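The structure under discussion is supplied below as structure tokens; questions concerning it will follow.
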Amino acid sequence: MVDTVRYGTVIYAAVRSAEGPGVFGLVLLAERRNGVLFTKPISEDMGPAEDGCPARILDLLSEPSNEHARAWRRRCRARLARPRPSRGQTVVFAEPLRFLDGAEHRVLRFDGGSRFRSREGVLYTVPSWSGMDYTLRD
């Protein structure tokens with residue numbers, strides 16, 4: 001391993017190849033059940049669905065081995081290039097979000113992390129919001 005980073009149950013790694021001088025990307029899906037850690041390794045050349053790899057890992061990788069790896073890297077870079085809201089900034093989601101209290105909102109104020117507030121001041125948690133389609137307003 002050259003470098004790794006963990007986001008919840010997903011681990012992104014830059015791994016030195018045993019067959020040469022190259023470094024490739026690896027996604028590990030991890031889950032702990034009954035005290036046992038299970039992992040599922042997915043090489044970048046398999047085209048993993050998870051595309052939250054940080055730039056520091058992507059910058060370590062050698063030339064991609066196939067089109068799946070290229071496409072995965074493009075998705076990761078595109079995600080990194082998306083504008084991130086500042087605390088207090090308005091986020092407009094492409095699709096309305098439905099919450100457990102029955103409310104639906106497309107426009108929310110970013111409170112930090114995964115927390116957002118409605119115009120009425122109600123606090124909501126939106127897991128995985130950064131993977132959703134949204135625009136920002138001042």
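Identify all residues within segment 14-32 that are within 10 Å of Leu61 (Cβ to Cβ) and either among the polar types (S, T, N, Q) or in contact with a Gly (Cβ under 8 Å, 6 or more places away or on another chain) (or both); write none if there are none.
Across segment 14-32, the qualifying residues are Ala14, Val15.
Restricting segment 1-49 to residues that are within 18 Å of the chain's Cα centre (by Cα) and of a type in the set (Phe, Trp, Tyr), which is nearest to Glu67 (Cα to Cα)?
Result: Tyr12.
Continuing with the same structure: Among the candidates Leu136, Leu97, Leu80, which residue alone is touching a His at 6+ places or on another chain (Cβ under 7 Å), of a type outside the set (S, T, N, Q), without any contact (Cβ under 8 Å) to a residue 60 or more places away in the chain and outside any loop (DSSP other than H, G, I, E, B)?
Leu97
Then there's this: Report yes if Ser118 is surrounded by 12 or more Cβ atoms within 10 Å (Cβ to Cβ), modelled with pLDDT of 95 or more and of a type in the set (Ser, Thr, Tyr), otherwise no.
It is true that Ser118 is surrounded by 12 or more Cβ atoms within 10 Å (Cβ to Cβ), modelled with pLDDT of 95 or more and of a type in the set (Ser, Thr, Tyr).
Within segment 90-100, identify whether any single residue is under 24 Å from Pro21 (Cβ atoms) and of a type in the set (Asp, Glu), and answer yes or no.
So far as segment 90-100 goes, no, none of its residues is under 24 Å from Pro21 (Cβ atoms) and of a type in the set (Asp, Glu).
Can you find even one residue in segment 69-84 that is modelled with pLDDT under 95 and more than 20 Å from the chain's Cα centre (by Cα)?
No; the residues of segment 69-84 include none that is modelled with pLDDT under 95 and more than 20 Å from the chain's Cα centre (by Cα).
Within segment 64-75, does at least one residue satisfy the condition of being of a type in the set (D, E, K, R), in contact (Cβ under 8 Å) with a residue 12 or more places away in the chain and outside any helix (DSSP H, G or I)?
no
In segment 1-54, which residues are surrounded by 14 or more Cβ atoms within 10 Å (Cβ to Cβ), within 25 Å of Met132 (Cβ to Cβ) and aromatic (Phe, Trp, Tyr)?
Across segment 1-54, the qualifying residue is only Tyr12.
With respect to the numbered conditions (1) within 20 Å of Tyr134 (Cβ to Cβ); (2) not assigned by TED's automatic domain parsing to the domain that holds Ser130, which one is the sole condition not fulfilled by Gly112?
Condition not satisfied by Gly112: (2).
The values are calculated or read from the model by the stated rules, or taken from the named source; none is laboratory data. As the structure is a prediction and not an experimental result, all values here were calculated from the model. Here Cβ is always computed from backbone atoms with ideal geometry, including for glycine, and neighbour counts include all displayed protein chains.
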